[in-house]
Structures are given as C-alpha cells and as structure tokens.
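*Asks:* Have a look at this one.
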Amino acid sequence: RGTKASPQAAAETDFKKQALKLHDLALRHFVANLRGKKGEIARKYVENRKISSEMVQAFELGYSLDEWQALADYLQAGSGLKVELAVKAGLLSASEKAGRVYDRFRARLMFPIKNLSGRVIAFGGRIIENASQDGKEQAKYINSSDSPIYKKGEHLYGLYQARKTITQQKVAILTEGYLDVISLHQFGFTNACGVLGTALTKEQVKRLAGFCSNIELIFDGDNPGRKAALRSSEMILGAGLDCTVVILP
C-alpha cells in the first residue's frame, strides 16, 4: 500500500524545489554581474588575487552589486515566486521596521556553495576593498544563514569539484578560506575543499570519510590557526582517519 506524504512533508519538498530554483537564478544574476560593466571592481580584485579565468568559471564566481534590491528585483522578475520565499531560503533579508526585503549580499565577490549533486544551496560573499560601505565597518565575509536546503556544519566548500580526485587519491586537503581552496585547485591540488566559516564539525569529517582515509589540514600559522588545526586533527583521528597538519608561514 503506497503511503501518502503528509501535507507538511509535501510542503517542505515543494519549498526545497523552489529554493533551489531561486539559488539557480541568483547564481545566473551574480555570474552576469561579474562579467558586466558594474563588475569591473570585482574583476580587478580577482585579477589581483591571481585567480585564473578557468577557476572563475569552474567555481562559478560572481558579484553582488552595490545596490539594495538588485537581486530582489531580479528574482521577482525571473521566478514568479514570492520574495518571502527568497528570505526563507537565505538569499534576501527582511526589514520589519521598513516593511521591505533587501539583498543580503551587496558589493561582494560571490562564491556559490554546492551540494554533491552540483546544485547551488548557499553563497559566501567577500567584501571588496573600496566598495561603498555606508560608512559602516562591514564583515569581511558573510555566508548564507542555515535554511531548509543548507546547514553550514554539514557541507564543505569545493567538495563537489574535489570529490573525484579525493576518491581517486583517498586523500583530502582541508583548508579554511574560499580563495585558499580555489588557489590550491589552480595549482593542481584538485582534492582541496574548505570548511564554511565555522570550526570543523563531526558531520563534515563524516562526509569526507565517505571518500577518503586521510585528511591533510592546511591552516594559518598564527595562534588561532594552530588551535583550529589541533582541534580539527583530534576530531579527524577520533573518526579513525589519518591526519597530517601543514602550518603555513
């Protein structure tokens, strides 16, 4: 006898489908911005960081415009879905006071975060120097908040791109930043992936353990970097994997 999904489960599945569609549209918007006239500041930044155009393409980097509602307007025009859904999906923010929605990411280099099927489920955004910041000190990086399609402690940046090499070599390189991951791939270390702005979690280790038996950690040589490396290696060894730590000068 076929069991019928509860209305709640059906609504959840439907929302996830819509959230993925919104993320696909957002990706298209950010990628087009980086290539367009207003993306020059971001293109210069990428050039200064010596990221090749192949890597920009492989990781589908983008740019969020220095505007309050560029993405909101684009999503509304392109999806026919209510903007409240994009707020719930973590793409837009809502201001209770002003009673409006606005772009969560503004004037940032955008890094799409993918699941293992290659679907975009979240974004990370890095502030670009000289971008207008409303006179306020802004966080260097902001990430999508957790949503029904994304839990940051469960995913790893670049794992979708790195999985094939990790499976072949049985070794994963784990580092901290988006640009670190991309630089490693650019120089042939295509088994590199990164933690997503949090300390390494048991879920992330478990995910990697499905593909390899050895994890090489590359962390900064400063105090926080060393502490993070120590904590992470304990967790990795506890999961029965081999672990090597590379401390950067």
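*Asks:* Residue pairs, Cβ under 7 Å, 6 or more apart or interchain, first in the stretch 151-176 and in contact (Cβ under 8 Å) with a residue 40 or more places away in the chain, second of a type in the set (Ser, Thr, Tyr). List them.
*Replies:* Lys152/Thr198; Gly153/Thr198; Gly153/Thr201; Tyr157/Tyr178; Lys170/Ser213
*Asks:* Taking the stretch 53-101 only, how many residues are under 26 Å from Phe15 (Cβ atoms), open to solvent by 10 Å² or more (accessible area, probe 1.4 Å), in a loop (DSSP other than H, G, I, E, B) and of a type in the set (A, V, I, L, M)?
*Replies:* 2
*Asks:* Within the stretch 182-199, can you find the residues that are at pLDDT 95 or above and among the aliphatic types (A, V, I, L, M)?
*Replies:* Ile182, Leu184, Ala192
*Asks:* Within the stretch 157-169, is even one residue farther than 22 Å from Leu241 by Cβ, in contact with a helix residue (DSSP H, G or I) (Cβ under 6 Å, 6 or more places away or on another chain) and at pLDDT 95 or above?
*Replies:* Scanning the stretch 157-169 turns up no residue that is farther than 22 Å from Leu241 by Cβ, in contact with a helix residue (DSSP H, G or I) (Cβ under 6 Å, 6 or more places away or on another chain) and at pLDDT 95 or above.
*Asks:* Might you check whether a residue that is in contact (Cβ under 8 Å) with a residue 40 or more places away in the chain, under 20 Å from Lys50 (Cα atoms) and either of a type in the set (Asp, Glu) or touching a Gly at 6+ places or on another chain (Cβ under 9 Å) (or both) occurs anywhere in the stretch 137-146? Please lay out each step first, then the result.
*Replies:* Step one: list which residues in the stretch 137-146 are in contact (Cβ under 8 Å) with a residue 40 or more places away in the chain, which gives 141, 143-146.
After this cut, where a residue has to be under 20 Å from Lys50 (Cα atoms) as well, the list is 141.
Pick out the ones that are also either of a type in the set (Asp, Glu) or touching a Gly at 6+ places or on another chain (Cβ under 9 Å) (or both) and you get 141.
Looking for residues that are in contact (Cβ under 8 Å) with a residue 40 or more places away in the chain, under 20 Å from Lys50 (Cα atoms) and either of a type in the set (Asp, Glu) or touching a Gly at 6+ places or on another chain (Cβ under 9 Å) (or both), one finds at least one in the stretch 137-146, hence yes.
*Asks:* If a residue has to be hydroxyl-bearing (Ser, Thr, Tyr) and open to solvent by 70 Å² or more (accessible area, probe 1.4 Å) to count, how many in the stretch 208-233 make the cut?
*Replies:* Of the residues in the stretch 208-233, the ones hydroxyl-bearing (Ser, Thr, Tyr) are 213, 232-233.
Going one step further and asking which of them are open to solvent by 70 Å² or more (accessible area, probe 1.4 Å), we end up with none.
Here the count works out to 0.
*Asks:* So which residues in the stretch 1-42 are of a type in the set (Asp, Glu) and closer than 28 Å to Asp66 by Cα?
*Replies:* Asp24, Glu40
*Asks:* Take the stretch 105-124 and flag every residue that is surrounded by fewer than 20 Cβ atoms within 10 Å (Cβ to Cβ) and not hydrophobic (A, V, I, L, M, F, W, C).
*Replies:* Asn115, Ser117, Gly118, Arg119
*Asks:* If you check every pair at least six apart or on different chains, which have Cβ atoms under 6 Å apart with a residue in the stretch 24-47 that is more than 21 Å from Gly118 (Cβ to Cβ) and modelled with pLDDT of 95 or more first and a residue that is of a type in the set (S, T, N, Q) and crowded, with 19+ Cβ neighbours inside 10 Å second?
*Replies:* Correct list of pairs: Gly39/Asn33.
*Asks:* Which condition number in (1) open to solvent by 50 Å² or more (accessible area, probe 1.4 Å); (2) closer than 19 Å to Tyr150 by Cα is the one that Gln18 fails?
*Replies:* All conditions pass for Gln18, except number (1).
*Asks:* Give the stretch 21-35 a look and list any residue that's open to solvent by less than 80 Å² (accessible area, probe 1.4 Å) and either more than 21 Å from the chain's Cα centre (by Cα) or more than 16 Å from Leu75 (Cα to Cα) (or both), or say none.
*Replies:* Scanning the stretch 21-35 gives a single hit, Leu34.
*Asks:* Output the number of the condition that Lys38 fails; it satisfies all remaining conditions of (1) over 17 Å from Ala86 (Cβ atoms); (2) buried (at least 17 other Cβ atoms within 10 Å of the Cβ); (3) touching a Phe, Trp or Tyr at 6+ places or on another chain (Cβ under 8 Å).
*Replies:* The failed condition is (2).
*Asks:* Filter the stretch 144-191 down to residues that are under 15 Å from the mean Cα position of the chain (by Cα), open to solvent by 10 Å² or more (accessible area, probe 1.4 Å) and among the small types (Gly, Ala, Ser), then give me how many there are.
*Replies:* Final tally of qualifying residues: 3.
*Asks:* Looking only at the stretch 5-15, count how many residues are open to solvent by less than 50 Å² (accessible area, probe 1.4 Å) and in contact (Cβ under 8 Å) with a residue 40 or more places away in the chain.
*Replies:* Residues that pass the stated criteria total 1.
*Asks:* Mind listing whichever residues of the stretch 102-116 are part of a loop (DSSP other than H, G, I, E, B) and within 13 Å of Ala26 (Cα to Cα)?
*Replies:* Arg104, Phe105, Arg106 - these are the residues of the stretch 102-116 that are part of a loop (DSSP other than H, G, I, E, B) and within 13 Å of Ala26 (Cα to Cα).
The values are calculated or read from the model by the stated rules, or taken from the named source; none is laboratory data. Predicted model, so just to flag it, every value in this text is computed and none were measured. Heads up, the Cβs are rebuilt from the backbone with ideal geometry, glycines too, and the neighbour counts pull from every protein chain shown. Ligands, DNA and RNA are stripped out before the accessible areas are found, and what is left, the full protein with its side chains, is counted by its heavy atoms. Shrake-Rupley method; radii C 1.70, N 1.55, O 1.52, S 1.80 Å.
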